[in-house]
Amino acid sequence: MKAFIVDMFYSRIQGRDAITAAGRLENGETFGFVDYRIEAVLYVRKSDEFEVRRHLPNSYFVLTPSNQSTMDGEAVISLRAPNLFELRNINKLLLEQGVRTYEGDLDFGTRYRIANGIKLTVDIEGEALPSKHVDKLFINPTLTPAEGDFPLKVLSLDIETDHAASKILGFSFVSWTLGGKSLEEVHIHGESRRDDPAYLTAHKSEKDLLNAFQMRLLAIDPDIVTGWNVIDFDLFVLEKLATKYNLPFTLGRTKETSRYKKGQFFGKSRLIMQGRQVLDALTLARHTLFNFDDLRLGTVAKALLGRGKTLLVEEWQDAAAVILEAFESDRPAFAEYVLEDARLVKDILDIQKLIELTTARSQLTSLPLERAWGSIAAFEALYIAQLNKRNIVAPTLGVDLKFEGSGTGGLVLNPKVGLHSHVLIFDFKSLYPSVMRTFNIDPLSYVHGHLLKSKNKLDELILAPGAIAFDREPGILPKLLDEFTARREEAKKQGDSLGSYTYKIIMNSFYGVLATDACRFADMKLSDAITGFGQFLLVEMQTYFENLGLRVLYGDTDSLFVQVDDLQGSTGEEAWTYGQNLCSKANQYLAERIETDYRLESKMELEFEKYFRYCFLPPDRQGDSGRAKNYAGLNISGGKEKLVITGLEAVRSDWTPFARSLQRELLDRLFHEATPESMVSYIRTRLKDMFRGACDEELIYRKRIRRPLDSYIKTTPPHIKAARLLPRPVRVVRYLMTDNGPEPIGFVKSKIQYDHYLEKQIRPIVENLAPYAGFEAEDALDRTSGLKFSGTLS
């Protein structure tokens, strides 16, 4: 029978180590299994056997021969301890004595999945026993890898409390099976009323309400529990209240009490609910392709769904007081509010397919759902599994790790400032993964390459820039990337955007993983080799285009902006045909160059990405050179045009809406060859509107506060001054500049200082653009000298 493992964890049952798991069967039933057939084992080098025995004279362990080796080819022996606790102590003692260990820090779940060659979907065989917590329980089952979709059940919850979070007023549940309909319910503290909606249940005491929470969650029996900041607030508060009333807090599929574990960083806390997975929707929302002004539920919901919370509460207001007022005086409004919060979470997860994405990523990496987005954990799980297939053991974290230097980045070619026509944009498809695939960049091939280089076997090496050596024998990482690339292309052909995106993000994460010492396989030489080849390829293609007589206007890491004068008078379709043909020839040249110079098959693919009828590369503030990662263009594709803006003020949240819309309109007019007179007239009209107070809503600054207000001592930025005028701390402050300085929205008492916006927001944009639009900036700006007094432009 096919099964999806929702949760797997180490257990100590009647003095025995065990792996315990729970999940959902393909028929919708729940299941669990207990497997006692596990070993507490790590590895040490055979050459260290004497040292191991010397440093561990009183420990109970067994050393046995092994046919495995380290990455650099040293033979190892296995060290078996009676249990996981003893193994952890042995590993610690050996590392303290300078004895290298291998796989001494792997958690039992990861070790179990690797040893059995399984991920999250399995075929499970064995005798099923009855159980109090699941429909079917297996002891020491046979597990084999499988594929398939499962009707996982999800529960979105929300609680509302008093100001101090010491009392619970009510909670809501929205539960659904992926792809199915949802069920909704609200429970509150209070007496029942005849006019209560069908979804509302009242409970006479807070203790009854807390009991109802546990009973209903167990009855719904979700695989995944979610909510907005659900771990650090909702479930954390519920655990404290359960303790206060001496109530059980057993929310999982075992008899173990669920428990909160505080994380070192925001979003890293856990609520251990054995047999289920708790996924915080706030954390998942970080993995969408959107940038939000802040990560409050209302803000994200407005951006993605077009609707927000049902009670309007400014961030500086006491939200708890507003909610308590609704609870006491408007029960229908309160009930709808708490229910809508849980609904919003469900709809955000649905519209962005975040549960499906998380599940797909877990399936790919074999990591549990709650760890699915960890790039380092994903890389290590995949890589160690492949090492073990080659009878190679992985180093314990910190062992054999040499991590020095700061690393090199991508190459940036200085932009050629100005307004340009007929610009083709070329991008290397998945640059760094393609570099790794082409040049065999891989931790194992790097270790072998270092050994071969020391023996002067240069014919067997691939030398990266900086003389970093790699073995020619195919490595693990390139083969993984080849497989993922093929699967991604197949997913794209099948219209499976979810699958395509899953492969894309994990492939792109591998470079960053190799550049951080939190990964046991990281080495700065590896990341330098990747970026070094990236720089080489960018320069190679720049030279290729320039040798054809074309002008390279700008380049950044994986992209090149190439101006083609021969396209003057061409249609958009003709420009696209030219660009595709040019791209094809460039790829052919690159493949021949890599074959000639490196004796390798090129996996690099340059793509023709965009055709800009006009492209604007702005100067920096000093006017000395261009601004990297800042450009705008009129993209022509399929007979349609689109204004593309990257990095400029028009797409920066720290500039006002007024300035952003002004720049966007000026760029649009510039690209459509508007006369200088019409542009000056437009600017003057906008200024006139601003000075007469018609655009005040567009002048609001919005800035995020990243540190406590009292930490700003030496300097006090305007947004901090504004925030200090609010009655409560906020994460994002909205304010206007007035005659008395910055004043927050809701507390503006002074006149708006329009001159500030003219000089700090409008002038930089106009001066930046004017020389390329054919007018003098002062013609548009200086004539406003009498405006602040007369209210007119002349």
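Taken over the stretch 560-577, the criterion of being open to solvent by 70 Å² or more (accessible area, probe 1.4 Å) and part of a helix (DSSP H, G or I) is satisfied by Asp565, Asp566, Glu573, Glu574, Thr577.
Apart from one condition, Ala674 fits all of (1) surrounded by 12 or more Cβ atoms within 10 Å (Cβ to Cβ); (2) part of a helix (DSSP H, G or I); the exception is (2).
If you go through the stretch 16-40 and keep only what is aliphatic (A, V, I, L, M), in contact with a Ser or Thr (Cβ under 9 Å, 6 or more places away or on another chain) and open to solvent by less than 10 Å² (accessible area, probe 1.4 Å), you end up with Ala18, Ile19, Ala22.
Listed here are the residues, each with its yes/no results for (1) under 25 Å from Val300 (Cα atoms); (2) at pLDDT below 95; (3) open to solvent by less than 10 Å² (accessible area, probe 1.4 Å); (4) among the β-branched types (Val, Ile, Thr).
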| position | (1), (2), (3), (4) |
| --- | --- |
| Ser156 | yes, no, yes, no |
| His163 | yes, yes, no, no |
| Gly179 | yes, yes, no, no |
| Arg193 | no, yes, no, no |
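For the stretch 544-559, the condition holds for at least one residue, the condition being that it is assigned to a loop (DSSP other than H, G, I, E, B), touching a Leu at 6+ places or on another chain (Cβ under 9 Å) and farther than 17 Å from Glu605 by Cβ. So, in the stretch 151-171, of the ones that are more than 28 Å from the chain's Cα centre (by Cα) and polar (S, T, N, Q), which residue ends up nearest to Leu324 (Cα to Cα)? Per the stated criteria, the residue is Thr161. Screening the stretch 195-225 for residues that are part of a strand (DSSP E or B) and either within 16 Å of Lys153 (Cα to Cα) or in contact (Cβ under 8 Å) with a residue 40 or more places away in the chain (or both) and picking the one that is most open to solvent (accessible area, probe 1.4 Å) gives Leu200. When the stretch 281-319 is limited to residues that are in contact with a strand residue (DSSP E or B) (Cβ under 7 Å, 6 or more places away or on another chain) and open to solvent by less than 20 Å² (accessible area, probe 1.4 Å), the one that is modelled with the lowest pLDDT turns out to be Asp294.
Summed over the stretch 613-660, the residues that are among the hydroxyl-bearing types (Ser, Thr, Tyr), touching a Gly at 6+ places or on another chain (Cβ under 8 Å) and open to solvent by less than 20 Å² (accessible area, probe 1.4 Å) give a count of 0. Of the strands (runs of 3 or more DSSP E) entirely within the stretch 90-174, those holding at least 2 residues that are over 27 Å from Leu79 (Cα atoms) and aliphatic (A, V, I, L, M) occupy 121-125, 153-161.
Close Cβ contacts (under 8 Å, 6 or more residues apart or on different chains) running from residues in the stretch 337-359 that are closer than 20 Å to Pro197 by Cβ to residues that are among the charged types (D, E, K, R) and assigned to a helix (DSSP H, G or I) are absent. Within the set Arg487, Arg437, the sole residue that is of a type in the set (Lys, Arg) and open to solvent by 50 Å² or more (accessible area, probe 1.4 Å) turns out to be Arg487. Which one is nearest to Glu356 (Cα to Cα) among residues in the stretch 450-484 that are open to solvent by 80 Å² or more (accessible area, probe 1.4 Å) and part of a helix (DSSP H, G or I)? By that ranking, first place goes to Lys479. The strands (runs of 3 or more DSSP E) located wholly in the stretch 1-82 that include 2 or more residues which are aromatic (Phe, Trp, Tyr) occupy 2-13, 30-35.
The values are calculated or read from the model by the stated rules, or taken from the named source; none is laboratory data. These figures come from a predicted structure and were not determined experimentally. Because the Cβ atoms are built from the backbone with ideal geometry, glycine has one as well, and the counts that use them run over all protein chains shown. The accessibility values were calculated without ligands, DNA or RNA, using every heavy atom of the protein model including side chains. Shrake-Rupley method; radii C 1.70, N 1.55, O 1.52, S 1.80 Å.
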